[in-house]
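**Q** What follows is a single structure, and I will ask about it in a moment.
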Amino acid sequence: MNEPIRTENLTKNFNGFRALDNLSIAVRKNSFMGFLGPNGAGKTTTIKILTDLLSPSSGSAYINGIDISEDPKKALTDLGTVVETPEFYPYLTPKETLAYLGELHGMGDEDLRRRTKEVLEIVKMSEWADKRVGKFSKGMKQRIAIAQAILHEPSVIILDEPTSGLDPRGMYEVREILTELKKEDYTILMSSHLLNEVQQVCDDVALINRGQLLKIGSVEEMIASANVRRLDVRTLTETTESQLKEISQFKGVSDLESFGSRDFSLSLEGADETQADLLTGLQNMGLRLVHFKENGVTLENLYMSLIKDSR
Amino acid sequence: MIEINETITKTDRKSPYVAPSDLSQIGIVMKYDILKYLRSSRLIGFVAIEALVLLLITAIPPLLGNSYADNADEFINTYASFAGILIIIGATLFAGDAIVSEFQNRTGYLLFPKPVKRCTLLAGKFLASTGAMFLMLFLYYGVALGLGLLITGRFSILGVESLLLAMMYATAAISVGFLISSVMKGTTGAQILTFALFLFIFTIITGVLTVSGMEPWFIVSYSGGTISYITQDPYPISGTAIGGTEGFAPGGIEMTNYYPEIGVAIAVMLAYAVISLVLAYYFFNRRQMSA
Ligand SMILES: Nc1ncnc2c1ncn2[C@@H]1O[C@H](COP(=O)(O)OP(=O)(O)OP(=O)(O)O)[C@@H](O)[C@H]1O
Ligand SMILES: [Mg+2]
């Protein structure tokens, strides 16, 4: 009941098409939830309702326990958000845009000046502070969008594919920002298609398809319940065919694939103990390991199987 | 003790800022909308149009060898008769896309999730539009009245009354522009419709009604006619005239010339302003960011 972000039996119809179907999700206080689902699943629709851009056909959405349809002004006070890639007023500069939005939040001159400087530094847009947004690239606008979302230090943040349109470095930087936010006491809901990103930064995930909730829970538990992990291994010297064959006989190992002479990856069924046994086994074979690592697509496998089941 | 305190502040942290009252937010919205007008050179463009109109009206009579009217009210009449078209251009520039642009240009994704009510946004934008328009009218009438004083040696009080009527007509036109802006899908369409409505559609309806012998008192552009009629002394009154050449032609069509009554015109302009704005709010408030 006290979750900062919550939807209750949210349903949204677009001219007879049901985009959301009795969706109930809740994001725990100070946690980071990844919001997953295939294209058209209803992620943006949910987020738009949570940010007062759409009104639900039925059901309710709450921020900090306040019903958004009932008292939007109050509900939105403590919220920062990036929905899709927003556009900016082309004739205003980032500084002026932030001042406009910050003033609407009740920020005074002093705080505005300080926070504007801080957030533009965080999104690495300081040198553009006084240029008009009109000619900015998509990624630059996305950075300003992130800056305005955290400007007023909200405790609740809702992001719709925040890294979309960013270059690889931009994505990395946003991930850094998100990791920073996570260390502080923010409650975050973020939709994303980048599962390794979600696996890295999120505590919990909610997976939806066709407007319905498929699964919700902690990333760790889901990965544990998946019971299969994919491991990347690199050896110092060449691994021979016969050695690879021997490895594929180990307990729980399947789908062994080698790349070049020193790299291979494999799926391992079982828990941490099986993984530890495998490591010992490889070393006992005389292999000198450079790295031995879960490659973060575990969530992807789980995602695929859940989506397939719901088709 | 300290530890307990810390846990409380940590878990209950909220944004330290509280959204200001609706009234102060109206001021904020207005301020930045005017800044947008300034930056987009709409205001400057409008000033240029006004300068051109003033220049043409003032420069053409001497070029044709005609002298200016020596009565201050008559002098201002020519200027007043062009105020209507300036107002239509102003409504198109300042109101036609005011609401729809937030949707079509996707800036609403930024603005609507802010703790600000739709009626606050509407009020702020409306005040910015009317403010910009009034400023333009002050400038236009200021120059015209100044020229009148300079050339005729007398200040036209009727010219000031004309300005007041122009402000009312402008308010009505901007409200209608906001209504169009709150229902239309695209900015260009909204602006064209605003412009066409006042320039042709209302005029055509007025013409058709007049020919059919019915006074078009309820058409706001007809009421806007008072802006120039007020500078005529005495104020013209409706009456029957014979069509054709001053009634000499035999068998000429009999038709009535209608002139809007001031009181009725003011009431109609106010009604347009209020009703359109209320409707604009109704549609804007229900409108969703779906595209
Ligand atoms: N305004 C609208 N009118 C009609 N249908 C809509 C509208 N907005 C969304 N939909 C439909 O609702 C469904 C959910 O869309 P939504 O944008 O929420 O998906 P999503 O999960 O965000 O997808 P993506 O990963 O592609 O961003 C889609 O089938 C979409 O076609
Ligand atoms: Mg989406």
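The values are calculated or read from the model by the stated rules, or taken from the named source; none is laboratory data. Keep in mind the model is a prediction, meaning the values are calculated, not measured. Every residue, glycine as well, gets a Cβ built from its backbone with ideal geometry; the counts of neighbours run over all protein chains shown. The area values use the complete protein model at the heavy-atom level, side chains included, leaving out ligands, DNA and RNA. Shrake-Rupley method; radii C 1.70, N 1.55, O 1.52, S 1.80 Å.
**Q** I'd like the Kirkwood hydrodynamic radius of the stretch A:220-300, using the inverse of the mean 1/r over distinct C-alpha pairs, in Å.
**A** 12.8
**Q** To the nearest 0.05, what FRET efficiency results for A:Val228 and A:Phe14 with a Förster distance of 30 Å applied to their C-beta separation?
**A** On the way: r = 38 Å, r/R0 = 1.25.
For R0 = 30 Å, the calculated efficiency reads 0.20.
**Q** So how far apart, in nm, are the two label points at A:Ser305 and B:Leu199 if each is 7 Å from Cα heading toward Cβ?
**A** Roughly 6.7 nm, to one decimal.
**Q** Excluding ligands, DNA and RNA, what is the solvent-accessible area per residue of the stretch A:1-92 at a probe of 1.4 Å, expressed in Å²?
**A** In whole numbers, the stretch A:1-92 has 36 Å² accessible per residue.
**Q** In chain A, what is the volume of the convex hull around the alpha carbon atoms, normalised per residue and reported in Å³? Don't jump to the answer; show the numbers that get you there.
**A** Values: hull volume 49.1 nm³, N = 311.
Each residue corresponds to 158 Å³ of Cα convex hull volume.
**Q** For B:Ile85 and B:Phe283, compute 0.36 nm times the residue count separating them, minus their Cα-Cα distance, and round to one decimal in nm.
**A** The B:Ile85-B:Phe283 span can extend by a further 68.5 nm.
**Q** Non-local amide H neighbours of B:Arg13 (under 5 Å, H modeled in plane, Pro and chain starts lacking H): which ones?
**A** Result for B:Arg13 returns nothing.
**Q** Based on Cα coordinates alone, diagonalise the gyration tensor for the protein assembly as shown, multiply each eigenvalue by 5, take square roots, and list the semi-axes in whole Å, largest first.
**A** 67, 24, 22
**Q** With a 1.4 Å probe, what is the total accessible area buried between chains B and A, in Å² rounded to the nearest 100?
**A** 4100
**Q** What lysines sit close enough to A:Lys131 to cross-link, taking a C-alpha to C-alpha distance under 29 Å and skipping anything fewer than 8 places away on the same chain?
**A** A:Lys131 reaches A:Lys95, A:Lys117, A:Lys141, B:Lys31, B:Lys36, B:Lys114, B:Lys125.
**Q** Another one. What three numbers, in Å, describe the spread of the alpha carbons of the stretch B:1-139 along their principal axes, ordered from the longest?
**A** 93, 30, 22
**Q** Which angle between 0 and 90 degrees, to the nearest 10, do you get for helix A:168-183 versus the longest principal axis of chain A when only C-alpha atoms count?
**A** Helix A:168-183 and the main axis of chain A meet at about 80 degrees.
**Q** In what sequence, largest accessible area first, do B:Ser276, A:Ser242, A:Ser310 appear using a 1.4 Å probe?
**A** On the way: B:Ser276 10, A:Ser242 85, A:Ser310 40 Å².
Heavy-atom accessible area, descending, gives A:Ser242, A:Ser310, B:Ser276.
**Q** Please report the carbon-and-sulfur percent of the accessible area for the stretch A:166-311; probe 1.4 Å, protein heavy atoms only, DNA, RNA and ligands left out.
**A** Here it works out to 47 percent.
**Q** Return the Cα extents of the stretch B:145-223 along principal axes one, two and three, sorted largest first, each rounded to a whole Å.
**A** 50, 36, 17
**Q** Could you give P(r) for the stretch A:16-130, binned at 10 Å from zero, as whole percent values over all Cα-Cα pairs?
**A** Answer for the stretch A:16-130: a P(r) of 11, 34, 32, 19, 3 percent.
**Q** While we're here: Residue by residue through the stretch A:219-225, what is 3J(HN,Hα) from phi via Karplus (6.51 cos²θ - 1.76 cosθ + 1.60, θ = phi - 60°)? Round to whole Hz and write x for glycine and proline.
**A** 4, 4, 4, 5, 5, 5, 6
**Q** Once Rh for the stretch B:22-286 is found with the Kirkwood sum over Cα pairs, what is the Stokes-Einstein diffusion coefficient at 37 °C and 0.692 mPa s, in µm²/s?
**A** Values: Rh = 19.8 Å.
Stokes-Einstein gives a translational diffusion coefficient of 166 µm²/s.
**Q** Over chain B, what percent of the accessible surface lies on carbon and sulfur atoms, probe 1.4 Å?
**A** 70
**Q** A follow-up question, please. Let me know the mean shielding of A:98-110 by other chains, meaning the per-residue number of their Cβ atoms within 10 Å of its Cβ.
**A** Mean shielding count: 6.
**Q** Ranked by accessible surface with a 1.4 Å probe, highest first, in what order do A:Ser267, B:Ser290 come?
**A** Ranked list, largest accessible area first: B:Ser290, A:Ser267.
**Q** With every protein chain in place, what's the accessible area of B:Trp217 (1.4 Å probe, Å², nearest 10)?
**A** 120
**Q** Can you list the HN-Hα couplings for the stretch B:58-73, worked out from phi with the Karplus curve (6.51, -1.76, 1.60; θ = phi - 60°), rounded to whole Hz and with x for Gly and Pro?
**A** Karplus values, whole Hz, x for Gly and Pro: 7, 8, 5, x, x, 5, 8, x, 8, 9, 6, 4, 8, 9, 4, 5.
**Q** How large is ³J(HN,Hα), in whole Hz, for each residue of the stretch B:30-45 in order, when computed from phi with the Karplus curve 6.51 cos²θ - 1.76 cosθ + 1.60 and θ = phi - 60°, using x for Gly and Pro?
**A** 4, 4, 6, 5, 5, 4, 5, 4, 4, 5, 7, 6, 5, 5, 4, x
**Q** Using a loss threshold of 40 Å², tell me which positions in the stretch A:44-64 are less accessible in the complex than in their chain alone. Probe radius 1.4 Å, ligands and nucleic acids ignored.
**A** A:Lys48, A:Leu53
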